[in-house]
Amino acid sequence: DITARLGAPWIPTNVVEKFAEEVIEVATRVRHVPKAASWSIDEYKFKYTTAVNAKWGTMRYDAGKVLLDALNSRIPSIYDETVDANGRTVRELNAKETEAAKEKLQAMKQSFEDWVWRDSTRADQLARLYNDGYNNLVNRRFDGSHLKLPGAVSTFAFYQHQKNAIWRLISAGSTYVAHAVGAGKTATIAAAI
């Protein structure tokens, strides 16, 4: 159930480097500055890799830029520059080139999500990192199945959700009992008292 995306702060740089080497087929150094939420790579390594750029980039937006955008959660924008009659440079968004770069970005992100869980050792390592850093708190569960409730009328039987709520009231003190109408809130509160 863990989603590992390019640029997630909990994913180590060596995993992204391995992805670049194995999938994109460019060995690059990846750096991450968590306080600035910024990722960087050796962009020059992507400049003259025609086959790589044909697969992961476009003619005007190389694979390195696509990888950087994926890591830094940016969307590519490609502009054409022209000079108007007054001699000023005018930038205009090239919709076709921009869409092509966005498609490459989406393909790279999807490839990472598919690739990252393939290796069981890497998957175990990433699951441990994620669980230790983000998934380490569990809401307390109140199980009132052990309650005997002495003095309760023998013709009345409490439902499990009522016993759980009773145990929560006893254990935690002030509790919001938000059962639906007719679910036995009054009996639950009376039994807890």
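The values are calculated or read from the model by the stated rules, or taken from the named source; none is laboratory data. Since this is a predicted model, take the numbers as computed values, not measurements. Every residue, glycine among them, receives a Cβ derived from its backbone with ideal geometry; neighbour counts consider all protein chains shown. We work out accessible area using only protein heavy atoms, side chains counted, and drop any ligands, DNA or RNA first. Shrake-Rupley method; radii C 1.70, N 1.55, O 1.52, S 1.80 Å.
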Residue tally, condition among the polar types (S, T, N, Q) and surrounded by 14 or more Cβ atoms within 10 Å (Cβ to Cβ), over the stretch 1-39: 2
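Yes/no matrix, rows are residues, columns are (1) over 20 Å from the mean Cα position of the chain (by Cα); (2) at pLDDT 90 or above:
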site	(1), (2)
Asn53	yes, no
Thr58	yes, yes
Tyr61	yes, yes
Leu71	no, yes
Lys96	yes, yes
Checklist (1) open to solvent by 10 Å² or more (accessible area, probe 1.4 Å); (2) within 22 Å of Trp117 (Cα to Cα) applied to Ala85, failing item: (2)
Filter result (within 30 Å of Tyr176 (Cβ to Cβ) and open to solvent by less than 100 Å² (accessible area, probe 1.4 Å)) within the stretch 118-145: Asn131, Asn135, Asn136, Phe142, Asp143, Gly144, Ser145
Residue satisfying all of: in the stretch 44-57; out of contact with any Ser or Thr (no Cβ under 8 Å at 6 or more places or on another chain) and surrounded by 21 or more Cβ atoms within 10 Å (Cβ to Cβ); nearest to Lys109 (Cα to Cα) among these: Trp56
Any hit, the stretch 157-169, residues being of a type in the set (S, T, N, Q) and part of a loop (DSSP other than H, G, I, E, B): no
The stretch 158-193 - residue that is of a type in the set (S, T, N, Q) and under 13 Å from Asp143 (Cβ atoms) and, of those, most open to solvent (accessible area, probe 1.4 Å): Gln160
